[in-house]
Amino acid sequence: MTVTIDAPPTSVGKTAVETPSAVIDRVSLVLDAFDGPGRLTLAQIVRRTGLPRSSAHRMLERLVQLRWLRRSGRDYELGMRLVELGSLAVHQDRLHKAAIPMLHELHAATGLVVHLAVLEGPDVVYMEKVGNRMTAAIPTRVGGRQPAHCAAVGKAMLAFTDADSESHGTAPLPRRTKYSISTPAQLRNELLKVRSHGIAFDREESVPGFGCVAAPIGDPGEAVAAVSVCGPMGQMKFDQQFVAPVRMAAMGIWRAVEGGPTRVAPTLQQMRPLRGLVGQHAGRNPNGRHA
């Protein structure tokens with residue numbers, strides 16, 4: 001796709017033509033402007049991208065023609081072509097394909113909402129969500145993000161990445177609820193527990209009234225993703241009742257990704273008794289709150 005941009009005439013009286021790489025950069029700017037719910041007007045897109053109004057309008061209309069965007073009156077929103085491509089990308093992903101049967105089995109075994117997530121920078125990105133009527137009560141969605149330190153899946157991955165444990169700095173961490181981890185020191189202590197036991201908990205740290213149990217997916221000591229079960233605090237068991245099936249799901253997913261059991265070790269840690277963890281911390285969140 002070639003887009004002519006606003007530019008002064010050249011010495012030979014022709015209009016400068018945007019290079020392909022610049023076109024891609026501008027398309028990326030426009031699509032990134034839609035990172036969030038709702039429709040956008042031309043004026044909003046211009047403000048978010050910094051593009052000239054006439055260039056932005058031309059690009060938007062071309063993207064509408066290609067079905068990357070959809071226009072309703074003066075408002076624009078993401079189009080069906082992006083939905084199609086996004087769905088195709090997800091379903092072609094080896095990890096996602098390997099995980100789907102395990103996620104449904106985990107949901108059937110626990111009756112809880114099941115998440116598959118990966119780590120991207122300081123956030124988790126949800127790749128899949130499986131559940132029943134309870135799913136609507138948990139405000140997560142496929143492709144959605146939230147701070148990794150607030151979520152069990154995030155802590156499960158942060159504890160087993162190559163990131164420097166001091167990289168969290170000293171600045172306060174954003175909180176999703178009043179029970180969220182709020183300082184780097186608290187996070188470091190929590191990740192030590194996760195590394196010790198190979199399991200991560202979330203007690204109302206990401207969603208009020210809900211808890212999660214998560215396990216990392218990957219080779220020992222290296223998490224490429226995480227799986228969790230989530231439900232109302234009154235239904236959650238932060239012990240082997242939910243820990244065991246979540247760990248087994250994590251191992252099964254990685255076995256399927258790797259192509260056979262001979263290349264898979266137990267997930268990250270040998271299964272250790274959680275007696276000490278349950279005795280000291282069950283019913284409490286990392287900030288000391290009783291569940």
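The values are calculated or read from the model by the stated rules, or taken from the named source; none is laboratory data. Only a predicted model underlies this, so the values are computations on that prediction, with no experimental measurement involved. FYI the Cβ positions are ideal-geometry reconstructions off the backbone, even for glycines, and counts take in every protein chain you see.
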Original post:
Looking at the stretch 255-265, is at least one residue modelled with pLDDT of 95 or more, closer than 21 Å to TYR126 by Cα and not hydroxyl-bearing (Ser, Thr, Tyr)?
Top reply: no
Original post:
Of all residues in the stretch 49-101, which are without any contact (Cβ under 8 Å) to a residue 24 or more places away in the chain, in a helix (DSSP H, G or I), closer than 16 Å to VAL27 by Cα and in contact with a helix residue (DSSP H, G or I) (Cβ under 8 Å, 6 or more places away or on another chain)?
Top reply: THR49, ARG53, HIS57
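Quick check on the stretch 74-100: of everything there that is within 19 Å of the chain's Cα centre (by Cα) and closer than 22 Å to LEU60 by Cα, which residue is surrounded by the most Cβ atoms within 10 Å (Cβ to Cβ)? Break it down stepwise before answering.
Here is the first cut: in the stretch 74-100, the residues within 19 Å of the chain's Cα centre (by Cα) are 82-83, 85-100.
Checking which are closer than 22 Å to LEU60 by Cα leaves us with 82-83, 85-86.
Values: LEU82: 18, VAL83: 11, LEU85: 11, GLY86: 13.
So the residue we want is LEU82.
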**OP:** Tell me which of these ARG62 doesn't satisfy, since it passes every other one: (1) surrounded by 14 or more Cβ atoms within 10 Å (Cβ to Cβ); (2) at pLDDT below 85.
**Re:** (2)
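Right, LEU187: over 30 Å from PRO101 (Cβ atoms), touching a Pro at 6+ places or on another chain (Cβ under 9 Å), assigned by TED's automatic domain parsing to the domain that holds GLU105 and outside any loop (DSSP other than H, G, I, E, B) or not? Working first, answer last.
Values: over 30 Å from PRO101 (Cβ atoms): yes; touching a Pro at 6+ places or on another chain (Cβ under 9 Å): yes; assigned by TED's automatic domain parsing to the domain that holds GLU105: yes; outside any loop (DSSP other than H, G, I, E, B): yes.
Yes; evaluated as a whole, the condition is true for this residue.
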**OP:** Being among the aliphatic types (A, V, I, L, M), closer than 20 Å to GLY144 by Cα, surrounded by 15 or more Cβ atoms within 10 Å (Cβ to Cβ) and at pLDDT 90 or above narrows it down to one of LEU42, LEU103, so name that one.
**Re:** LEU103
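Among the residues of the stretch 164-180, is there at least one that is in a helix (DSSP H, G or I) and either charged (D, E, K, R) or modelled with pLDDT under 95 (or both)?
Of the stretch 164-180, the ones in a helix (DSSP H, G or I) are none.
No, every residue in the stretch 164-180 fails to be in a helix (DSSP H, G or I) and either charged (D, E, K, R) or modelled with pLDDT under 95 (or both).
Only residues that are β-branched (Val, Ile, Thr), in a helix (DSSP H, G or I) and loosely packed, with under 15 Cβ neighbours inside 10 Å: list them for the stretch 19-39, please.
Within the stretch 19-39, the subset β-branched (Val, Ile, Thr) is 19, 23-24, 27, 30.
So of that shortlist, the ones also in a helix (DSSP H, G or I) come out as 23-24, 27, 30.
Listed by number, the list holds a single entry, ILE24.
I'd like to verify a number: residues in the stretch 192-230 that are of a type outside the set (Asp, Glu), outside any loop (DSSP other than H, G, I, E, B) and surrounded by 23 or more Cβ atoms within 10 Å (Cβ to Cβ), how many? Steps first, please.
Going through the stretch 192-230, the residues of a type outside the set (Asp, Glu) turn out to be 192-201, 203, 206-218, 220-221, 223-230.
Remaining after also requiring outside any loop (DSSP other than H, G, I, E, B): 192-197, 200-201, 203, 210-217, 225-230.
Pick out the ones that are also surrounded by 23 or more Cβ atoms within 10 Å (Cβ to Cβ) and you get 194, 200-201, 203, 210-217, 225-230.
Of the residues in that region, 18 qualify.
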